[in-house]
Each structure stands twice: as structure tokens, then as C-alpha cells.
Amino acid sequence: MPVEVHKVEITSVSDASGLADLIESGVFAADEVIAVIGKTEGNGGVNDFTRILADQSFRGVLDEHGSRSMAEIEEIPMAWSGGCDGVITPHATVFAEVSGPVDGAPGGDAKTLSVGIAMSEELLPEDIGRPAMVEKVARGVEKAMAEAGITDVADVHYVQTKTPLLVLETIQDAHSRGETVYTEDTLFSMDISNGTTALGIAHALGEIDGVPAADAIGHDTDLFSAVASCSSGVELDRAQIVVVGNAVGAGSRFRAGHAVMRDAIDQDGIWDAIRSAGLDLPERPHHTDLDGRLVNVFMKCEADTRGTLRGRRQLPLDDSDVHHHRQIKGAVGGVAAATIGDSAVFVSVAALHQGPQGGGPVAAIVRVD
């Protein structure tokens, strides 16, 4: 079924009126929504309650306007990334499968947007940061690709995941069973969960050779995925996987593309992702060249552990007052907003094994009708 994708602003911490407006205006039905990816306004940390509030609000709209049971609605992937530092505007990108055909969609053998969804096997606390998690995530990615009808890994441009991180309760659970955990630092476990998940994606898509050795996870930054966007939280105990790519016969009026930012101010990486999605742009593009056809960009970022940016010294990793996650998110969010002329950009941190060190993956979804 053709996929529709639309971005809506979140005007308050528990606002889901943008989703309700799309449903009430007939853009798609509540029962056609298959995934939501969004930014919320909390601290982006382990205890960021704004992710839970947004999740409840968006699922509540689907319950109010649709016929699916709440149990079915709870299975819909909603990946919420907390923290709108700098100029980032809270927003959500909503994916829906609609009955076709869609007016203006390219026909024939054109490859257009397709989305596949899967849940991995249960991820135990002792799996996080270890090869077992890589293998479980990889199997989930393969299932999501099959659901999307994508047979060529080159047609996968964006994989958004949500996985569990470690909290005191799950650490104690592992210890009670005689198991160890990768780390007992709950905030650092966010980075490790994201990074291990990214390696699972890279393994499934052939971006790396096989399952990395245990001592490479979290350490060998030459191992990365160029399409992974991994978030983690306390909301679930499996990997929730959304594969976004292009497939023949999908019948959508949208396309996806991707590239990487080589560092935190690499605007060319953003433009390369948009070109990859199919927009014809001038050599030195400006956001006015987009002509309203860009739905959104999705990117990961990380403060460069080398403490430099194009030869200049950087200080976020030495700052004891403001965590480097918040500094780099605000900085890259500003670069992205200035590039595309829109502050509602999806920028997420904890980018271990996601893109090159100091940079990160960029995915773009554009309208091609």
C-alpha cells in the first residue's frame, strides 16, 4: 500500500492536535497510521517524561478516531527522541499506509517510499552492549525489510529504532540471575544501547563484515552504519524497528535518500541526502530551492571524541555544566535548520556506531509527485 508521510508541530508537551487535524481532514484514516517519529521537549535523558506524554497523546488520538483496539495501537512503533535544544522545534513525522492509487505518484517501475516494521526478540539487560544484541537486532531488521518489500539493501535509506537502556531495576534483575551488564552508568547505557543496535543494522545490511567481537562494541568507531538512527529509553524491552526505503511498485508520492555528515557543520551531507532522495538541486543550493517538497531530515550526531572540528579545538566534552549531548544537539540542529529553512528537524544524539566519528547519518524524505 502507498505510504503517506507528513510532519506536524507539537505545540505543547502533550499536544497531538496535528495528528488529529490530518485524520479529520481526510489525509489518512486513524487506522492507516503505521509509525510516528518525533522530537519532544524534555531533557533527552533517562528520566525524560515528555516522551511518555507524547506517546500517550498520539496513541489517544488513534484510539479516539479509529477502530483498532488499544492493544493493537500499542503495537504501533512510536520513536520519541527527547530534547529540543537550541532552535529545534518539537514535532512528529507520521507515516500512514493508504489505499491506492495515489494521485501524482510515479508509476511503472519507479521506486518510491516503502516502510516496514518489526519487533526484535526480547533484549535482556545482559544483551545490551554485547554480540547477542547485534544478532537479535539484525534479525529484526531483516524482517522489517521483508515487510517493506525491499530486496536490495541499497534501497534502505533510514532505519529508526527504539531499544531498552539499563536502569537500576534491570541491572539488579541481571545480577539476581547471576549475569553481568556492560555498564552500571544508566546514562552511558543509552549510548551503548544505541551503538550496539546500529551495529545490528550494519550487520543486517552488509555495512560491516559479520557480528563484531565483544571488545569492538563501543570502541571501534570505524564500524558504523550510514542509515541507522537509534534511540533508547525505558518504554520497552525489545528493539522496535522501522525500516524506511524505496521499493518498486510501492505507489507512493514520496522517496527516501541518505548520506552522512562528515562533521557537525557539514551542510553538504544534508544536501547530499536530499539529492539522494531524488530532488534535482543546483550546485550551491538554498532552502528556497526545496519548493516545499522536503518532508523532513533525520540525523544523528555526537561530540567528536577527538575534541576538534576541522582543526579547531572543541570544548563540549570538557564542560561540567552542560552535558555534551545537549551542546552537540543544539549545534547540529542549528546547522540543519539553517540549511533547510525549517527548525522542525529530527536531530538525535548518542550516535555511537552511527555514521563517522564526529559526524552522523542523514536521511531525507521528499515528495516527488
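The values are calculated or read from the model by the stated rules, or taken from the named source; none is laboratory data. In this text, all values refer to a predicted model and were calculated from it rather than measured experimentally. When we count neighbours, we look across all protein chains shown, and the Cβ atoms used for this are built from the backbone with ideal geometry, even at glycine. SASA here: full protein model, heavy atoms, side chains in, ligands and nucleic acids out. Shrake-Rupley method; radii C 1.70, N 1.55, O 1.52, S 1.80 Å.
Segment 242-369 has equivalent-ellipsoid semi-axes of 28, 15, 12 Å, by the square roots of 5 times the alpha carbon gyration tensor eigenvalues, sorted largest first. Once neighbouring chains are kept in place and the probe is 1.4 Å, which whole percent of the accessible area of the chain is contributed by carbon and sulfur? Answer for the chain is 47 percent, counting heavy atoms of protein chains only. Magnitude of the charge dipole for segment 256-334, about its Cα centre and with charges confined to Cβ atoms of Lys, Arg (+1) and Asp, Glu (-1), is about 140 debye.
The listed peptides 295-301, 239-245, ordered by packing as a protection proxy, come out as 239-245, 295-301 (highest mean of other Cβ atoms within 10 Å first).
Normalised by 2.2 N^0.38 Å, where N counts its residues, the alpha-carbon radius of gyration of the chain equals 0.93.
With protein chains left intact and a 1.4 Å probe, residues in segment 241-306 average 41 Å² of accessible area per residue. Mean silhouette area of segment 228-308, derived from the convex hull of its C-alpha atoms and averaged over all directions, reads 8.2 nm². Within the listed set Gly100, Gly108, Gly249, the residue fluctuating most in the Gaussian network model of the chain (springs between alpha-carbon atoms under 10 angstrom) is Gly108. Helical content alone sets the calculated 222 nm signal of the chain at -8500 deg cm²/dmol, taking -39,500 (n - 2.57) per DSSP H segment of four or more residues and averaging over every residue.
Dipole size of the chain about its Cα centre, with +1 on Lys/Arg Cβ and -1 on Asp/Glu Cβ: approximately 760 debye, rounded to the nearest 20. With R₀ set to 41 Å, the beta-carbon distance separating Thr89 from Ala216 gives a calculated FRET efficiency near 0.65.
Membrane-span-like helices of the chain, defined as complete DSSP H segments with a Cα extent of 15 Å or more along the helix axis and a mean Kyte hydropathy of at least -0.5, are identified as 50-65, 131-148, 186-204, 324-340. Lysine pair count for the chain (Cα-Cα distance under 15 Å; residues 8 or more apart in sequence or on different chains): 7. The modelled label-to-label distance between Asp185 and Asn47, using points 7 Å beyond Cα along the C-beta direction, is 1.9 nm. Summary value for segment 242-299: 25 percent relative contact order, contacts being C-alpha pairs under 8 angstrom separated by 6+ residues.
Is the shape of segment 63-190 best called rounded, prolate or oblate, per the rule: a/c under 1.5 gives rounded, else a/b larger than b/c gives prolate, else oblate, with a ≥ b ≥ c the square roots of the Cα gyration tensor eigenvalues? Note, shape of segment 63-190 comes out prolate. Placing +1 on the Cβ of every Lys and Arg and -1 on the Cβ of every Asp and Glu, with no other charges, gives segment 290-369 a dipole of roughly 180 debye about its Cα centre. Extension gain, Leu309 to His65: 0.36 nm times the residue separation minus the Cα-Cα distance gives 83.0 nm.
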